[in-house]
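Accompanying notes for the structure given below.
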2 protein chains.
Amino acid sequence: MPKKKGINVGVIGFGTVGTGTVKILRENAGILSRRLGFPVTLKRVVDKDLKTNRGVKLPKGMLTSKVDAVLEDPEIDIVVELIGGIRPAKDFILRAIKNGKHVVTANKALLAEKGNEIFAAAQRQGVRLGLEASVAGGIPIIKVIREGLVANWILSVYGIINGTANYILTKMTDEGAEFSNVLKEAQRLGYAEADPTFDVEGVDSAHKLAILASLAFGIPLSYEKVYCEGITKITPMDIEFAGELGYKIKLLAIAKATGGGVELRVHPTMLPVDRLISKVDGVFNAVYVEGDAVGETLYYGRGAGDMPTGSAIVADIADIARGIVAGADRPAPAFGESSLKIRKIEDISSMYYFRFSALDRPGVLSKISGILGKNNISIASVIQKGRRVGEAVPLVVLTHMARERDIRRAVKQIDSLPVVADRAFFIRVEGTEG
Amino acid sequence: MPKKKGINVGVIGFGTVGTGTVKILRENAGILSRRLGFPVTLKRVVDKDLKTNRGVKLPKGMLTSKVDAVLEDPEIDIVVELIGGIRPAKDFILRAIKNGKHVVTANKALLAEKGNEIFAAAQRQGVRLGLEASVAGGIPIIKVIREGLVANWILSVYGIINGTANYILTKMTDEGAEFSNVLKEAQRLGYAEADPTFDVEGVDSAHKLAILASLAFGIPLSYEKVYCEGITKITPMDIEFAGELGYKIKLLAIAKATGGGVELRVHPTMLPVDRLISKVDGVFNAVYVEGDAVGETLYYGRGAGDMPTGSAIVADIADIARGIVAGADRPAPAFGESSLKIRKIEDISSMYYFRFSALDRPGVLSKISGILGKNNISIASVIQKGRRVGEAVPLVVLTHMARERDIRRAVKQIDSLPVVADRAFFIRVEGTEG
């Protein structure tokens, strides 16, 4: 017999995602209950701001500023945390867990940084924690990895998981525009925040990557070990050179099982133009998941926004609700069952794009290529443009597979050459060799 | 307390997908049991052929030719049907259900044609039926629709769900080759069967579409109402004209909620080259799912093969096993909760590509466009190539949105014109207007 005939939900945080979630829970309540076979009822919404009109009508008394109205209400089965940030979100979640409530959250920063503690608490208490909305908005990527591809050893997970950075790179590519100008425009349009650091420096992607990698490889959340490099140094010139070589530049989050460990890295990446992911433009997200049995799969959709993210929140609510009503007495085991080590960035191998700013003098290319050769880096192609004898011109080199450690040593040596006008800049290249 | 400490599986059918499934169940048993928290054990494999070496070692006695060794073994919890076809697969599945066993199958023809009866039996008996492997191979598209996007009204599901047809169209596009030649090559390479009817005439896509639509729209399986048109009439000339107009030709399976009903159709479709799905080439599958909250999402991967399809089979086994061990006493409700009508092909609206073979005489275009106009069909662009006065030359017309009923009437009228040398050929166009 079902233990319960319906499920009550309390939402904490009535901002963008909170509003989307509330809209879906109310407007799609009918279809949801038909699909589940029982009703899911929004009982309470908590926010400090009781006044702003969010475009959704709530029954009188449903909106409150008192978080205890959710955390301490024994009738509420599932608590949805949508306030973001570490504090007080973490305390609210831990209190909900302690009170035996299941939790759903979109809070990637909190999960990436404090997730191990939160998951342990949920595990001890025997409640479930839904986190689908924390990565890639409405794309059910976490369900795919945990359930859809459960039969696979995951070999790699990588993709575009920050819409703001992708919007900026797409604009830079389409219009040949400078980073700073496109950023300003994105801020004006509301695609980038006033402080864009998390998005353009790769921090948000690194948060999400830590979550994906934890699920895919069964490792603890390891945000602090993610190598992270943003898009602020990419110039229209790099985008143009990349295009000439047959590549697009995307901010990629990459988790890859190699050499008996896992690579975790976020950085601008050159990708062959004919790969599907190279066509993923604007605010869209796309994630490749490669499994030993299934091969390569790709998942694409909106990575943010009230309704797409709300779609993921409500999917988690539905999953947990199904489990409660079916009387399932055992949540899925904690992930974190593997002992794979995170590899240092110096230990990865990749192809590399280099841009040097070198004086246009005889022998410069020979000096640079000599240093690359001595460091075991072999050259795939070279672009040298414009002739301005005695002045600095860009020199672009594409390498074959090389080790990052060698690359870094070579860069140091090249940067100290007197014929080099500016520090060398490099971009990792994926999706062609090895 | 868990009702069971482990789950036993019996596989019926040791062909391509059976072999992939068995390989995964044996080789990935460790990771699977770590993820689930309990073991899933392959107990028995049934096949008439006990001799062929499938490249996977089974313990002595595990392989048998007696189907009762699975169907009547009370220790087997989940029966996997992988023999394909209607008979005896249907009887085996119904017997398994009757014996209280959960069933997993990849049999899209059986599900599409007899699924309503099978689902009803499973529902009555309170057992679950896993069908992830029946559509799009390793892509977890059924889980995505049923669970990942459960919060959404689905607006449309459409995509490339037959790898053989996509392989042929890709080759025709890349090499300008004729259908019949590419088909022969595909047969030689094992990508197409000796009797390719199901793949090239769209029947296989229609089977899968019936399943997807049933889940997405909550309608009964309606294979017999799917409009179905294959790729055998596509010529290199059409592919070339499509390219000139900025389109690719793909065999698309389309399920769309429109006009208070659902369109269900499989036919060659022109798609703008810059859409992601236009880049899905060779044997790969890709499915768009559009939901009211999530917007447009896309799922891409291998649509067939031993290991990708095995990945989906084992994912279903894992899901059902989790439910059994957790003591969940209620399978998901049957879909089929909606009363949406299937629309007739005459009632759909689309853009259309026309190829006429008309005598190169003054006034021909005016006659044809006159008939189109009288039938409420407005022209978006025209290509007329080569001048051979008095001879038949191809005339290509791209329309704006028009009703299929009007299109068919116009075609009849145009075909009866004396200046028309051959019957008009048309291809529906998606992804641009409305």
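Any read-out appearing in this document is the output of simple, stated calculations on the displayed coordinates, not a laboratory observation. Here the structure is a predicted model, which is why all the values come from computation and not from measurement. Virtual Cβ from ideal backbone geometry, glycine too; neighbours counted across all protein chains shown.
Ranked from shortest, the separations from the 7 Å Cα-to-Cβ label point of B:Gly15 to its equivalents in the other copies are 5.4 nm.
Nearest chain B C-beta to the B/A rotation axis, reported as residue and distance in angstrom, is B:Ala328, 2.
Backbone geometry of segment B:386-394 corresponds, through the Karplus equation with coefficients 6.51, -1.76 and 1.60 at θ = phi - 60°, to 3J(HN,Hα) couplings of x, 10, 9, 3, x, 9, 7, 10, x Hz, x marking Gly and Pro.
Of all beta bridges that DSSP places with both ends in chain B, some 70 percent have antiparallel geometry. How shielded is B:152-165 by partner chains, expressed as the average number of their Cβ atoms within 10 Å of its Cβ atoms? If you average over the peptide's residues, the count of other-chain Cβ atoms is 1. Phi angles across segment A:70-79 convert, under the Karplus curve 6.51 cos²θ - 1.76 cosθ + 1.60 with θ = phi - 60°, into 3J(HN,Hα) values of 9, 5, 10, 8, x, 7, 8, 8, 10, 9 Hz, Gly and Pro given as x.
Percent of Cα pairs in chain A per distance bin of 20 Å, from zero to the largest separation: 25, 50, 21, 4, 0. Expressed to the nearest 5 percent, the antiparallel share of DSSP beta bridges inside the protein assembly as shown is 70 percent. Each copy carries a label point for A:Asn181 at 7 Å from Cα along the beta-carbon vector; from one copy to the others these points are 4.9 nm apart, nearest first.
Around the amide H of B:Val104, modelled in the peptide plane, lie the amide H atoms of B:Val79, B:Val80, B:Glu81, B:Gly130, all under 5 Å away and 5 or more residues distant in sequence or on another chain. Under 5 Å between amide hydrogens, built in the peptide plane, is the criterion, and for A:Ala293 it picks out A:Trp153 among residues at least 5 positions away or on other chains. Residues A:Ser214, B:Ser180, arranged from fewest to most other Cβ atoms within 10 angstrom of their Cβ, appear as B:Ser180, A:Ser214.
Dipole magnitude for segment B:346-429: computed about the Cα centre from +1 point charges on Lys and Arg Cβ and -1 point charges on Asp and Glu Cβ, it is near 120 debye. What separates the A:Val273 label point from its copies, with the point 7 Å along Cα to Cβ, is 1.1 nm, written shortest first.
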